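Here is the structure we will look at.
Computed from the coordinates by the stated procedures, all read-outs in this text should not be read as laboratory data. Computed from a predicted model, the values in this text were never measured in an experiment. All Cβ positions, even for glycine, are placed from backbone atoms using ideal geometry, and neighbour counts span all protein chains on display.
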Amino acid sequence: MTRDLRMRWLTPALALLLAVSLSACNHFTPNTIFGAHSEFGHSVDLLTRRLLYLGILVFILVEGLLVVILMKFRDREGNREAQQIHGNTTLEVGWTLVPAVILAFIAVPTIKTIFETQSKAMPNALQVEVIGHQWWWEFRYPQYGVITANELYLPVGRTANFALTTKDVLHSFWIPQLNGKRDLISNHTNYIWFTPDSSFAWNGFCAEFCGTSHANMRFKVFTVTPAEFDAWVAHQKTNAVGSTPPAPPADSAKGGTPPVTKVATSVGTTTPAGANPKPPVATPVMNVSDTASATYPRSKLPEWVIPKTPTPVALTFDASASGDAARGAAIFRAAPCIACHTIRGVPTAQGILAPNLTHVGSRTTIAGGLYPNDMKHLELWIKNAPAMKPGSLMPLFGKNEKGDTPGFYTDQQIADLAAYLSSLK
Ligand code: CUA
């Protein structure tokens, strides 16, 4: 290949490589670490860029010098033999001092950033307790008495201070565009704080290997205006739809008209007002017309917020089973679900091992951010959670499903349960 021909290929190839690399850094890539949206992110970003550019400079200088020397002093016909020397004090002092200076350039901003990002949050910050579980996230807002799972709401412009602990193994709290990673360790509370600078929906991840479904331990962060945050808090503090505050616990299991029925009917936000408590099986719980809940506007949800995880091929569901929220509520109150899940306002459901389901219908995802929160995925999840998420501590409940424990609910009962859960906006 001639030199000209080589150059003809090299230039477009380099341009393509550059274009591909740059496209990976653009702002619309939801999981990029570049383009920070909090002061914490900016500190880390500044440091990263400074080190990156410094590294590039050093690389160009060293490699450039190497190439020049190789070309200039390469062996030629008739060259005399190179002078054989031992040591050069000036050079040796030079190549000891220069790296020391470079290290100082790295160390000073690094230590400054460490002190900045490890300092205590301001006292009036929003306090959020983050508790890691295999494999989901519990979020508690002690100032407001709100407990939720897998979806964080944060007001823009207010510093949020996170107290990080774990119920089992190591996890790591990471929202690529808002903060650096910080570990959740047992018997020790770690802290991290940041102030979101804009309203958006962000992806969050567990960034420390924590077992079979580590990669399925995700969460969403919705940064909203302070007014929207207040509305969200007020809504989250309410009891679950269909529950009555002084609910008599015993009257419902035998059917009849449990109090839940009336209120559940009024909540069908995906159906015409008050018409029908049964959401059609095919209709997702969450859709753009869902404006009833104080949640991040569904119409503004970026497309990538809704996961596209494939469901197990062998796991099927009877599509003709149309769920009834009132029947589902009656099943739920006596189901094993209540041993692990809390639904505020349902006296029998006070479990704390699994996500709080009080407003589960208002969330965008289920199963630790793994699946979209719609009827299909709720039903499959209840039917056989371990098949949907490897290692899931939630047992299977579908009749005739094969697993460690026997299941006992028919597809119809599961459809009713799913209809009830999705009514909990
Ligand atoms: Cu939790 Cu990885």
Point to revise | Karplus (6.51, -1.76, 1.60) ³J(HN,Hα), θ = phi - 60°, over region 206-219, in Hz, Gly and Pro reported as x | key: 8, 10, 9, 4, 9, x, 3, 9, 3, 6, 9, 10, 10, 8
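Which of the three applies to region 41-106, rounded, prolate or oblate, going by the alpha-carbon gyration tensor with a ≥ b ≥ c and a/c under 1.5 meaning rounded? Before the final figure, lay out each step's value.
Working: a/c = 7.97, a/b = 2.07, b/c = 3.85.
Oblate.
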Check your understanding: Using 7 Å Cα-to-Cβ label points, what is the Ala314/Val93 separation (nm, one decimal)?
Key -> 7.5 nm
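Applying 1/(1 + (r/R0)^6) with R0 = 22 Å to the Cβ-Cβ distance of Glu63 and Thr110, what FRET efficiency is obtained, to the nearest 0.05? Please list the in-between numbers first.
Values: r = 24 Å, r/R0 = 1.11.
Calculated value: 0.35.
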Practice item. Please check which bits of region 94-112 a label hung off Ile56 would reach, taking the label as a point 7 Å along Cα-to-C-beta and the cut-off as backbone N under 18 Å. Key: 106
Review point. What is the distance, in nm, between label points placed 7 Å from the Cα along the Cα-to-Cβ direction at Arg49 and at Glu81?
Key: 5.5 nm
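Based on other C-beta atoms within 10 Å, arrange Ser322, Ser186 from fewest to most. Working shown, then result.
Working: Ser322 16, Ser186 11.
By the 10 Å Cβ count, ascending, the order reads Ser186, Ser322.
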Revision key, fill the gap. If the chain between Thr225 and Phe408 were fully extended at 0.36 nm per residue, the gain over the current Cα-Cα distance would be 61.4 nm
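Given axes a ≥ b ≥ c from the Cα gyration tensor, I'd like to know whether region 328-425 is rounded (a/c under 1.5), prolate (a/b larger than b/c) or oblate. Write down the numbers at each step before the final one.
Details: a/c = 1.37, a/b = 1.21, b/c = 1.13.
Note, shape of region 328-425 comes out rounded.
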Exercise for review: Take each of the peptides 71-77, 340-346, 399-405, 43-49, average the number of other beta-carbon atoms within 10 Å over its residues, and list them starting from the highest.
Suggested key: 340-346, 43-49, 399-405, 71-77
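When averaged across all projection directions, what area in nm² does the alpha-carbon convex hull of region 128-206 cover?
On the way: hull surface 19.1 nm².
The Cα convex hull of region 128-206, projected and averaged over all directions, gives 4.8 nm².
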Revision key, fill the gap. Put in order of increasing Cβ neighbours within 10 Å, starting from the fewest, Thr223, Thr159, Thr316, Thr89 give Thr89, Thr316, Thr159, Thr223
